[in-house]
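To start, the structure under review is shown below, and the notes come after it.
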Amino acid sequence: MLIVRLASDRDLDIARAANAMNGHGSEVHRVRLGPDTLILFEPIGPTKDLCADLRALPGVAEACVLDTPYILSARKAAGDRTRVRVGADLVVGGTEFVVMAGPCAVETQDQVSTAARAVRDAGARIIRGGAYKPRTSPFGFQGRGEAGLDILGQARHETGLPIVSEVMSPGDVDGVTAKVDILQVGMRNALNYPLLTAIGHHPDRPPVLLKCGIGTPVTEFLCAADYILAGGNANVILCLRGTVGLSGDSRATLNIADIPALRGRTHLPIIVDPSHAAGRRDFVPSMAAAALAAGADGLLIEVHDRPDAALSDGAQSLTPPGFSALMRHLRRLAPVMGRTMIDPVGPEPQKNGHPFTDLCMEAPPTSDSGAHGTP
Ligand code: PEP
Ligand code: MN
């Protein structure tokens, strides 16, 4: 595919570039991506001189051939790394290392508000919580649905933090967009093209946290991101949450090499979810620190004030003190990696508290699957 990127939305520049392509291939798409306009077409014949000619046109910032199956999420499709703005004062994909945290599932107002206040005080920037829950078993807790979104809305009001929550079907995209700050697309829906298309075309261009499927190759993951970008929504945050692998000890296998590999391939921000990758809370700190060290832009971490009573994913949920201790360690590591993190609310507890290795050994889950079974 040949892509022409115009750092311009002037009709004249776009028409001139499209005209110059006449006879060299068929124009297949024109996409507005953040500040840029992209024209994509399948070229016929040699492209070297054509690219050089196109680059010389007014408004054209780049013209090149991409031989990857993904196009819009490819690094060359954007002039700079994408920074996704969330609310008024938060950016994912900049220098700040952004931690999103909260329970797996929205259960009650008290449960969400307690977790939300605790993670905010520890320095989390975004509250997570699933109102619509994709569960492996149809008999697992399926979430509170719309009522759960209202519970999250109350937690947002109480903490002042934005919220991220999952949307599972195209018909819910409008309703969930109206009530959350970031739409999550879970790993089971990572290749649900009607859902991705509906999100891409939403006129609000909501920020999206797109999780990689457990068996999805990185090229297909980026093609999934393309479905959202193709609709004109450039606010995509990629989330690695582990893939199938050989380890018998963790729920999935988090390949740390996927972080630099993705960074090389795409301009989109990358966050890591160590909770679902590990499946057990005592592995979460090591994987979180590794993700920060390897260049991730942030983390998604499950926290529950009573993990053993959680309706889903209790075994991998940190307690509020465990989360706060992890954040303390991450805050020390972040500057070494050229990242900033905000201070916790109130005094930093146990400034020189126990070493990181102790944190990783602390409070292993009481059972393999949490209090209520399946993932
Ligand atoms: C979740 O975030 O709770 C979740 C269900 O994640 P995943 O889609 O990665 O399994
Ligand atoms: Mn979960």
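Please enumerate the residues belonging to the stretch 299-328 that are within 14 Å of ligand 1 (Cβ to nearest atom) and touching a Leu at 6+ places or on another chain (Cβ under 6 Å).
VAL303
When you check LEU300 against the structure, is it crowded, with 23+ Cβ neighbours inside 10 Å and modelled with pLDDT of 95 or more, yes or no?
Values: crowded, with 23+ Cβ neighbours inside 10 Å: yes; modelled with pLDDT of 95 or more: yes.
When the stated conditions are applied, LEU300 passes them.
Okay, residues lined up against (1) within 15 Å of ligand 2 (Cβ to nearest atom); (2) in contact (Cβ under 8 Å) with a residue 24 or more places away in the chain; (3) within 24 Å of GLY143 (Cα to Cα); (4) assigned to a loop (DSSP other than H, G, I, E, B):
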site	(1), (2), (3), (4)
HIS276	yes, yes, yes, no
PRO285	no, yes, no, no
ALA291	no, yes, no, no
ASP305	no, yes, yes, yes
SER312	yes, yes, yes, yes
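Go through the stretch 251-267 and give me each residue that's without any contact (Cβ under 8 Å) to a residue 60 or more places away in the chain, farther than 20 Å from LEU326 by Cα and open to solvent by 20 Å² or more (accessible area, probe 1.4 Å). Full working, then the answer.
Filtering the stretch 251-267 for residues without any contact (Cβ under 8 Å) to a residue 60 or more places away in the chain gives 252-263.
Okay, now just the ones that are also farther than 20 Å from LEU326 by Cα, so 252-253, 255, 257-263.
Result: THR253, ASN255, ALA257, ASP258, PRO260, ALA261, ARG263.
Mind checking whether some residue in the stretch 129-149 is among the β-branched types (Val, Ile, Thr) and within 24 Å of PHE323 (Cβ to Cβ)?
So in the stretch 129-149, the residues among the β-branched types (Val, Ile, Thr) come out as 136.
The next check asks that each one be within 24 Å of PHE323 (Cβ to Cβ); those that pass are none.
No, because not a single residue in the stretch 129-149 is among the β-branched types (Val, Ile, Thr) and within 24 Å of PHE323 (Cβ to Cβ).
Of the residues that sit in the stretch 96-118 and are away from ligand 1 (no atom under 16 Å from the Cβ) and assigned to a helix (DSSP H, G or I), which one is surrounded by the fewest Cβ atoms within 10 Å (Cβ to Cβ)?
Within the stretch 96-118, the match that is surrounded by the fewest Cβ atoms within 10 Å (Cβ to Cβ) is ASP110.
Within 24 Å of ARG81 (Cβ to Cβ) and within 16 Å of ligand 1 (Cβ to nearest atom): which single residue out of ALA234, ALA225 fits that description? Give the derivation first.
Details: ALA234 fails: within 16 Å of ligand 1 (Cβ to nearest atom).
Sole residue among the options that is within 24 Å of ARG81 (Cβ to Cβ) and within 16 Å of ligand 1 (Cβ to nearest atom): ALA225.
When you scan the stretch 318-332, do you find a residue that is part of a loop (DSSP other than H, G, I, E, B), closer than 21 Å to PHE356 by Cα and within 15 Å of ligand 2 (Cβ to nearest atom), even just one?
Filtering the stretch 318-332 down to residues part of a loop (DSSP other than H, G, I, E, B) leaves 319.
Checking which are closer than 21 Å to PHE356 by Cα leaves us with 319.
Within this subset, residues satisfying the condition of being within 15 Å of ligand 2 (Cβ to nearest atom) are none.
No, there is no match, as no residue in the stretch 318-332 is part of a loop (DSSP other than H, G, I, E, B), closer than 21 Å to PHE356 by Cα and within 15 Å of ligand 2 (Cβ to nearest atom).
Residue under question is ALA296, and the condition is that it be within 16 Å of ligand 1 (Cβ to nearest atom), of a type in the set (A, V, I, L, M) and assigned to a helix (DSSP H, G or I); does it hold? Break it down stepwise before answering.
On the way: within 16 Å of ligand 1 (Cβ to nearest atom): yes; of a type in the set (A, V, I, L, M): yes; assigned to a helix (DSSP H, G or I): no.
No; evaluated as a whole, the condition is false for this residue.
If the requirement is being at pLDDT 95 or above, closer than 20 Å to CYS239 by Cβ and out of contact with any His (no Cβ under 9 Å at 6 or more places or on another chain), which of these qualifies: THR159, THR108, THR95? Write out each step before concluding.
Values: THR159 fails: closer than 20 Å to CYS239 by Cβ; THR108 fails: closer than 20 Å to CYS239 by Cβ.
Among THR159, THR108, THR95, only THR95 is at pLDDT 95 or above, closer than 20 Å to CYS239 by Cβ and out of contact with any His (no Cβ under 9 Å at 6 or more places or on another chain).
For the stretch 65-95, give me the residue count where each residue is surrounded by fewer than 18 Cβ atoms within 10 Å (Cβ to Cβ) and part of a strand (DSSP E or B).
Counting residues in the stretch 65-95 that are surrounded by fewer than 18 Cβ atoms within 10 Å (Cβ to Cβ) and part of a strand (DSSP E or B) gives 3.
Just checking, which of ARG144, ARG128, ARG188, ARG135 is modelled with pLDDT under 95, under 28 Å from ARG280 (Cα atoms) and within 15 Å of ligand 1 (Cβ to nearest atom)? Let's see the steps before the verdict.
Values: ARG144 fails: modelled with pLDDT under 95; ARG128 fails: modelled with pLDDT under 95; ARG188 fails: modelled with pLDDT under 95.
On inspection, the qualifying residue turns out to be ARG135.
With the structure loaded, tell me whether VAL167 is more than 15 Å from ligand 1 (Cβ to nearest atom), within 20 Å of LEU209 (Cα to Cα) and touching a helix residue (DSSP H, G or I) at 6+ places or on another chain (Cβ under 9 Å) or whether it fails that test. Steps first, answer last, please.
Working: more than 15 Å from ligand 1 (Cβ to nearest atom): no; within 20 Å of LEU209 (Cα to Cα): yes; touching a helix residue (DSSP H, G or I) at 6+ places or on another chain (Cβ under 9 Å): yes.
When the stated conditions are applied, VAL167 does not pass them.
Hey, can you tell me all the residues within the stretch 268-293 that are open to solvent by 10 Å² or more (accessible area, probe 1.4 Å) and more than 15 Å from ligand 1 (Cβ to nearest atom)?
If we filter the stretch 268-293 for residues that are open to solvent by 10 Å² or more (accessible area, probe 1.4 Å), which is where we start, we get 276, 279-283, 286-287, 289-290, 293.
Of everything in the stretch 268-293, those that are open to solvent by 10 Å² or more (accessible area, probe 1.4 Å) and more than 15 Å from ligand 1 (Cβ to nearest atom) turn out to be ASP282, PHE283, SER286, ALA289, ALA290, ALA293.
The values are calculated or read from the model by the stated rules, or taken from the named source; none is laboratory data. All values reported here derive from a predicted model rather than from experimental measurement. All Cβ positions, even for glycine, are placed from backbone atoms using ideal geometry, and neighbour counts span all protein chains on display. Protein only, heavy atoms only, side chains kept; ligands, DNA and RNA dropped before computing areas. Shrake-Rupley method; radii C 1.70, N 1.55, O 1.52, S 1.80 Å.
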